[in-house]
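Structure first, commentary second.
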Amino acid sequence: MPDTTADSVGKVYIDDQGSDEVGDGSAERPFQTAFRALTVAGIQANVFARKTPGGEYEPLGTSALKKAKKTMELNERKAKKNEDQKASKEKEEAERLAREARRIEESKKIVLEEDTSLPPATKIQELTKFRSKRVRVSGWVHRLRQQKELTFIVLRDGTGFLQSILAGKLSQTYDALTLATEATVEIYGIISEVPEGKTAPGGHELIADYWRLLGASPQGDDAFSSKLNAESEGSVVADNRHLVLRGEVAASIMHVRAGVLSAFRKVFEAHSVVEVTPPCMVQTQVEGGATLFKFDYYGEPAFLTQSSQLYLETCLPSLGDVYCIQESFRAENSDAYLTFCRHLSEYTHLEAELAFITFDDLMTHIETVICEAVDTVLENPRLAAMLKQLHPKFQPPKRPFLRMSYRDAIKYLIEHDIKRKDDDTGELVDHVVGDDIAEAAERQMTDQLGVPMFLHGFPKHLKAFYMKKIPGDEEFTESCDLLMPNVGEIVGGSMRIPGIDDLLDGYKREGIDPAPYYWFTDQRKYGTCEHGGYGLGVERLLAWLLNRYTVRECSLYPRWPGRATP
Ligand code: 4AD
């Protein structure tokens with residue numbers, strides 16, 4: 001009869017009904033397997049087993065014991081092997097770090113010979129002229145790839161990108177080994193055409209013979225790519241707009257933006273329209289009190305301008321046709337989606353005012369100026385390439401643009417089942433003449449038509465105080481909006497009331513005190529004329545041209561409700 005007490009040293013009990021998890025190897029709480037028994041009690045332990053629960057324990061058979069011992073030995077060997085492997089890996093990593101540290105230490109001793117024969121400093125854009133010549137180029141490390149004896153840098157200087165190669169000693173200095181993207185460097189070397197079959201921006205690369213670090217950029221957690229990448233959330237992207245601007249997409253948009261502004265200036269000059277710069281701080285409203293930003297101006301109420309139109313009108317007798325490219329400000333708080341797509345609190349407003357014209361002349365002028373400006377941008381190969389990259393399907397618009405009267409637009413909306421929300425009931429209802437066409441309905445119609453379109457002749461009660469009424473149809477105005485597919489309205493314009501009495505009526509209708517507008521009213525007193533003008537939202541034009549989902553991408557530092565940083 002075997003001893004069955006749980007504390008018998010060297011004896012351990014197993015049973016098919018026992019448990020390796022909760023058993024303790026005593027006869028009362030046996031383990032389930034011999035392997036577990038040997039693991040707990042040691043390889044020399046005496047293992048007892050029983051065939052049926054409650055039956056008698058007997059020494060475990062030799063072959064079962066042998067099998068369990070073998071499994072145990074195998075496991076022990078495996079564990080040892082794993083431990084050895086882990087230790088060897090740790091050793092290797094420690095050696096690698098030590099090697100790296102030695103390499104960094106060694107690298108500090110490598111001093112590149114400062115070049116005394118200064119080659120010409122060159123912008124990347126001009127490098128084609130310097131093929132096979134030695135140049136000096138400065139810029140930011142846009143992309144970086146380090147191999148054993150080679151460092152590949154794509155350098156960026158705003159005018160373009162340049163592949164540069166640091167080889168041998170040049171890639172082994174301390175600065176080379178600790179180089180990170182967005183650092184600034186100056187590289188000297190020969191501009192060489194890339195070998196056949198290989199591609200590089202400009203078709204050439206800079207084979208460096210000397211370089212130096214101008215401004216380092218962090219590695220690790222603070223590295224540029226850790227701060228901002230494809231996974232970054234919207235608010236992180238907005239907070240880091242200053243870094244976003246270094247990216248290819250944002251920089252291309254800003255380049256095209258500059259090209260568009262310069263193209264408009266060129267086109268206006270060709271049409272003898274003179275540039276003026278009206279004030280941003282004003283004491284009169286133009287487009288209704290609801291969207292005014294008010295501020296205290298030395299104790300008097302003042303506003304950030306909504307539009308420079310009234311000032312442009314005063315320039316006609318002095319300079320003839322005029323335009324300005326000026327910031328306008330709107331405290332708009334409309335539908336969140338539309339606000340996101342097309343409203344900014346501060347936007348670049350391109351406005352023009354033309355004297356002695358008809359309403360038809362005005363619309364023809366608007367489409368001419370836009371088409372000529374687009375053509376001018378496309379004539380610049382760099383801008384044309386950026387535009388193609390951003391908006392591969394872009395086709396320059398065809399003239400004349402579609403023109404649809406407000407009344408016909410209402411018919412279109414009814415026929416195409418585009419409804420409006422009733423203010424009182426919230427129900428979707430058909431439009432009727434006199435309704436404001438909401439932005440959403442306007443967008444739907446524009447997207448369906450798929451071409452630039454003038455919508456004209458809006459009801460008087462929906463429009464600003466200064467708009468001229470249609471002769472013989474006095475409830476409607478000589479006003480127009482230019483609508484573009486995917487964006488909606490990009491231009492708002494009209495003929496202006498030329499007569500003083502009509503203008504005074506306009507002030508009255510809109511509840512505006514005429515006193516602060518004395519200078520605007522004077523235009524009708526001292527030699528009035530038929531005139532008209534328009535305002536174009538530059539960011540909206542860019543959103544259309546570059547197929548951007550939101551105007552926010554088209555502004556350098558966009559402002560919207562709750563966002564005025566950076
Ligand atoms: O239609 P709006 O309000 O017209 C005027 O301000 C006229 N006084 C202009 C004039 O006749 N000189 O604005 C003109 C254009 C719009 O078509 C739109 O493109 C843009 O300005 N715009 C905005 N762009 C971005 N964000 C906003 N919140 C905008 N509000 C208007």
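No value in this document is a laboratory result; all are computed from the given coordinates. Predicted model only: the values in this text are computed from it and were never measured. Quick reminder, even Gly has a Cβ in these numbers, built from the backbone with ideal geometry, and neighbours come from all protein chains shown.
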Per-residue counts of other Cβ atoms within 10 Å, averaged by peptide: what ranking do you get for 340-352, 517-529, 136-148, 76-88, highest first?
340-352, 136-148, 517-529, 76-88
Shape call for region 122-224, from the Cα gyration tensor axes a ≥ b ≥ c (a/c under 1.5 means rounded, otherwise prolate when a/b beats b/c, else oblate), comes out prolate
Under a straight-distance cross-link criterion of Cα-Cα below 16 Å, which lysines are reachable from LYS419, leaving out those fewer than 8 residues away in the same chain?
LYS411
Against the 2.2 N^0.38 Å rule of thumb, the C-alpha Rg of region 1-102 sits at a ratio of 1.56
Once both labels are modelled 7 Å past Cα along the beta-carbon direction, what's the ASN82-ALA258 spacing in nm?
6.0
Total charge of the residues flanking TRP211 in space, meaning their Cβ is under 9 Å from its Cβ, with Lys and Arg +1 and Asp and Glu -1, is -2
Give a residue-ordered list of calculated ³J(HN,Hα) values for region 41-49 (Karplus: 6.51 cos²θ - 1.76 cosθ + 1.60, θ = phi - 60°; whole Hz; x for Gly, Pro).
8, x, 5, 8, 4, 8, 9, 10, 9
Spacing of the two label points (7 Å from each Cα toward its C-beta) at ILE110 and VAL22, in nm:
6.6
Using 0.36 nm times the number of residues separating ALA230 and LYS89, minus their current alpha carbon distance, what extension gain do you get?
47.4 nm
Tell me, rounded to the nearest percent, the portion of alpha carbon pairs in region 350-463 spaced more than 26 Å apart.
37
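Over the chain, what portion of Cα pair distances is larger than 34 Å, expressed as a whole percent?
The proportion of pairs with Cα distances above 34 Å equals 61 percent.
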Rounded to whole Hz, the Karplus (6.51, -1.76, 1.60) HN-Hα couplings of region 530-543, x for glycine and proline:
5, 8, x, x, 7, x, 10, x, 4, 5, 6, 4, 5, 4
Go through LYS86/LYS148; LYS469/LYS508; LYS129/LYS388; LYS266/LYS469; LYS66/LYS86; LYS11/LYS67 and tell me which ones have a Cα-Cα distance over 22 Å in this structure.
LYS86/LYS148; LYS129/LYS388; LYS266/LYS469; LYS66/LYS86
How much of the DSSP beta bridge set in region 1-130 is antiparallel, as a percent to the nearest 5?
25
DSSP beta bridge pairing in region 391-480, given as percent antiparallel to the nearest 5
60
Tell me, what HN-Hα J-couplings in whole Hz come from the Karplus equation 6.51 cos²θ - 1.76 cosθ + 1.60 at θ = phi - 60° for each residue of region 283-291, using x for Gly and Pro?
10, 10, 9, 10, 10, x, x, 4, 10
GLU510 paired with ASN547, simple spin-label distance in nm, labels 7 Å along Cα-to-beta-carbon:
3.9
Euclidean distance of C-alpha centroids, region 52-107 and region 502-518, integer Å
92
Under 5 Å between amide H atoms, partner at least 5 residues away or on a different chain: which partners does ALA27 have, H built in plane at 1.01 Å?
ALA6
Search the structure for amide H atoms under 5 Å from the amide H of PHE48, placed 1.01 Å from N in the peptide plane, and list their residues when 5 or more places away or on another chain.
VAL12, TYR13, ILE14, LEU60
Cβ-based net charge around PHE458, under 9 Å, with every Lys or Arg adding one and every Asp or Glu removing one
0
In the neighbourhood of VAL141 defined by beta carbon distances under 12 Å, the net charge of the other residues (Lys, Arg +1; Asp, Glu -1) is 0
With -39,500 (n - 2.57) per DSSP H segment of 4 or more residues and division by the full residue count of the chain, the 222 nm estimate, nearest 500 deg cm²/dmol, is -10500 deg cm²/dmol
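Only Lys, Arg, Asp and Glu count, each charged at its Cβ (+1, +1, -1, -1), so figure out the dipole size of the chain about its Cα centre, rounded to 20 debye.
Rounded to the nearest 20 debye, it is 2900 debye.
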